[in-house]
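Trainee: So that we are looking at the same thing, I have put the structure below in structure tokens.
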Amino acid sequence: MGARARSWGTRWRDRVAASDPGLLRLAAGLRTVGAIALTLAVLSPLGADVKHLVAGAVAAMVATFAVREKQRGKQAVTLALGLPVALASVSVASLLSSHRVAGDLFFVALIFCAVYGRRFGDRGTALGLIGFQVYFLSLFVGATSAALPGLCAAIAVAFGCAAVARFVLVPQTPAGILHRLRVAFRARLAQLLGAQLELLDAGPDDAEKALAQVREGTARLHETAMMIQSRLEEGTPDESTARLVQRRIADAEITAERLGLLVLTARSAERADTLALHLPGATVPGSGRLPVHDEATDTLRRDLGALRLLVRLPVAEVTGTGPAQVRNRLLGYREEENLPRASPAAQEVFRGIGEAARAVLGLRIALDGPQDESDDSPETARSREELDAEDAAIGGAQEEGDEAEEATGLRRPTTRAAVQVAVGSSLAIVGGELLSEHRWYWAVLTCWIVFLNTASTGEILVKGYRRLLGTVLGVIAGIALAGLVGHHTWTAFAVVLLCVFAMFYTAPLSYTLMSFFVTAALGVLYTLLHTYSLSVLVLRVEETALGAACGVVAAALVLPVGTDRRTNELLTTVLDRLTDVTEGAVEQLSGGPPADLLDRARDLDQALADLRAATQPLTHPVTPLRTRRDTARYVVALLETCAYHARSLAATAELLPTHPSIAADPRLRGAGRRILHNVGAIAARVQDEAAEARVLTGPSIAAQLKPGVPGTPRYGRVTDRVLRHLQRLDEAVVGLARPLGVAVAPPGQ
């Protein structure tokens, strides 16, 4: 019973860790709710009225979510600087409350400065956000000169309580966040292995669903790896440790993704294309084939389950010889003589399990320290020796990144966005005041928000649509909550706290849900301020629609950046990063000097993530351009396939100095030349439609590396895996030519 309880507890912890990597959303919600609750607890005994309680609660929320730096010292400095900014903002708003034109002009100027401040990094963004939100708060509570001292006191208390909540009640350190992200990575890795096991067992009717779960698990694992990458610098004691963790995370991610492809091939009647793991809706190869039940496949199912258990098992629970025996058996599959008698496809899966077990072993050593070696088999001892050699070699190559040429003037993104928001906000003020003399500021808030973290007209349109939908649904909820809460002050504040927590917990998942909870909370706040009515909530919807429309108009007419232009720029960046990774990996595999390939690979991943986000207006379910949507999804899926093979080549190249079965082969330099030419041709076409560069085709990569060429290493010295990745990368790059309109030269030209 104790073992069962521990197993249930482990599964529950894994589920929570996987659903919220690093517990970042949970901490954000708890920290904000804690700051608001503490502010109310301090202000209430001082006799503050409802208006000051609302002002303090909103200011505490702003002071909490505006600060985004990762290091606690920088957070404290930003929070300290934010208080005078907030006090200045509320003071000006109060003094200009009776001068509408001057107040509107100052509000527009403040909006411009707040958006322009993003160019100064997280601190500039935070201070601009605090200034804008506190001015908005002043309009919301109706700040006047007479009420200014009380409002300033409430805001000062709110900032102090926000500091207590951040540094005392819900403290987060970079090392602690990184530790929780690593736990989430292992939990998501175990979930992915479980999805792969279900795919192996899925019948014809369930195969599509099982493959979709594998795709989702692969994407979630990659997302966690990217989050870990972004926290390594602050969360590790030194650079060598950061590089070691980066290496082991990359190994585990690559081997897990490769294992999914091998499982897909093993259950199909044909070799699966890597694209099937990245293209939503792609059919399962040979999906009509029933799962096979024989001795080899039964062993395969058992070992996939055993690998998943090894990943999930905490270090504290690794006791006895059982886990060691399972680990030894799985690592033994790296040797040909230990492979079970099975079909070639099934044997590839066993090899993949062996490589994944090695990655898991390396992950445990890197994250949890040295392990017990008393029960090691010879195969496990060899794996440890390889890992030790790799660890010793890590930290050699470093690169100085080239500084990108920064745009100036109106070409700078922050300047352009500031001008656009200022124009859109001016339109929103005029239109909002025509709708309501007292609550016009909701239109301005919506116009401001739709420009946050957006860079094209299409992105702004999609964000505005989501905010409007969430607002409409939130109005319905606000009506119900206002009727239930009535004028019970503390019950109403409790409901607001629940809505605030839900808002921050769901914000990274769904902008519509976040808008829903914001609007629902506002319905309760209006009740507290004795200004609630159905007409007020309907006006909220009208002002939101107006603000979104003003934002779209400003983005479309003032220094516009079309979705096509934005996606083309990001696509060019992805292709450039793909060239960097592929060129560096091929050069190192050909005997060239070592380079920092994993950092290049992560730059490629980040560029691809930016492109994926920018194509959301094209791939949104409600888009009327179905063909264009399908093309965008196909191009992104092909690029994800290219990135996977490039990452794998980079990881293999970094093993070159230490791995006994990999040796440099100068012929790879020539084999990779065609791939690099084709990527460059596609990039030139994307940048300039008049470009005449053509994609080259020809014999397969493997055919170009025939053995027996005098003066070169034997064919067997270059692993089949390197050749397969090069071949698949070559095919995926050629596949990009058709949807992007690049001419393909006939073979031999």
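Trainee: Which three semi-axes in whole Å describe the equivalent ellipsoid of the chain, each the square root of 5 times a Cα gyration tensor eigenvalue, listed largest first?
Mentor: Values: eigenvalues 517, 190, 113 Å².
Semi-axes (√(5λ), whole Å): 51, 31, 24.
Trainee: Given a 1.4 angstrom probe, I'd like the percentage of the accessible area of the chain that is carbon and sulfur, rounded to a whole number.
Mentor: On the way: 18970 of 31980 Å².
After summing per-atom areas, the C and S share lands at 59 percent.
Trainee: For segment 540-651, what is one quarter of the convex hull surface built on the Cα atoms, given in nm²?
Mentor: On the way: hull surface 36.8 nm².
Directional mean of the projected Cα hull area for segment 540-651 stands at 9.2 nm².
Trainee: Just from the alpha-carbon atoms, what are the Rg and Dmax of segment 427-586 in angstroms?
Mentor: Cα only, segment 427-586: 19.7, 70 Å (Rg, Dmax).
Trainee: Could you work out the percent of alpha carbon pairs in segment 212-266 separated by over 18 Å, rounded to a whole number?
Mentor: Details: 589 of 1485 pairs.
Tail fraction, whole percent: 40.
Trainee: May I pose another question? Which whole-number value in Å² is the accessible area per residue of the chain, probe 1.4 Å? Intermediate results must be reported in sequence, preceding the final value.
Mentor: On the way: 31980 Å² over 749 residues.
Roughly 43 Å² per residue, with all protein chains present.
Trainee: Next question, about the same structure. Under the classification rounded if a/c is under 1.5, otherwise prolate if a/b is larger than b/c and oblate if not, where does segment 49-180 fall, given a ≥ b ≥ c as square roots of the Cα gyration tensor eigenvalues? Mind showing how you got there, number by number?
Mentor: Numbers: a/c = 3.00, a/b = 1.55, b/c = 1.94.
Since a/c reaches 1.5 but b/c is at least a/b, the shape of segment 49-180 is classed as oblate.
Trainee: Still on this structure: How long are the three semi-axes of the equivalent ellipsoid for segment 153-291, computed from the Cα gyration tensor as the root of 5 times each eigenvalue, in whole Å, largest first? Intermediate values should be presented prior to the final figure.
Mentor: Working: eigenvalues 336, 67, 23 Å².
So the equivalent ellipsoid measures 41, 18, 11 Å along its semi-axes.
Trainee: Can you give me the P(r) profile for segment 55-115? Cα pairs, bins 10 angstrom wide beginning at 0, each as a whole percent.
Mentor: Histogramming segment 55-115 at 10 Å steps yields 19, 44, 29, 8, 1 percent.
Trainee: Now for a separate question. Report the full-extension gain for the segment Asp388 to Val101: residue separation times 0.36 nm, less the Cα-Cα distance, to one decimal in nm.
Mentor: Details: separation 287, 0.36 × 287 = 103.32 nm, distance 7.00 nm.
Between Asp388 and Val101, full extension yields 96.3 nm more.
Trainee: Once ligands and nucleic acids are excluded and a 1.4 Å probe is used, how much of Met227 is accessible, expressed in Å² to the nearest 10?
Mentor: Result for Met227: roughly 50 Å² accessible.
Trainee: Thinking of segment 421-499 as a set of Cα atoms, what percent of all their pairs are more than 15 Å apart?
Mentor: Values: 2067 of 3081 pairs.
Percent of Cα pairs beyond 15 Å in segment 421-499: 67.
Trainee: Enter the accessible area of Leu546 (Å², nearest 10), with the probe set to 1.4 Å and all protein chains included.
Mentor: Ignoring ligands and nucleic acids, Leu546 comes out at about 40 Å².
Trainee: Give the Cα extents of segment 132-204 along the principal axes, in whole Å, largest first.
Mentor: Answer, in whole Å and largest first: 72, 33, 16 Å.
Trainee: Determine one quarter of the surface area of the Cα convex hull of segment 473-536, which equals its mean projected area, and express it in nm² to one decimal.
Mentor: On the way: hull surface 15.0 nm².
One quarter of the hull surface, i.e. the mean projection, equals 3.8 nm².
Trainee: Here's a follow-up. Can you work out the PRE-style zone for Val541? Point 7 Å along Cα to Cβ, and I want the residues of segment 461-481 with backbone N under 18 Å.
Mentor: Residues 464-481 qualify, since their backbone N sits under 18 Å from the label point.
The values are calculated or read from the model by the stated rules, or taken from the named source; none is laboratory data. Here the structure is a predicted model, which means the values were calculated and not measured. Don't worry about glycine lacking a Cβ; one is built from the backbone with ideal geometry, like all the others, and counts go over all protein chains shown. Areas reflect the complete protein model, heavy atoms only, side chains present, ligands, DNA and RNA absent. Shrake-Rupley method; radii C 1.70, N 1.55, O 1.52, S 1.80 Å.
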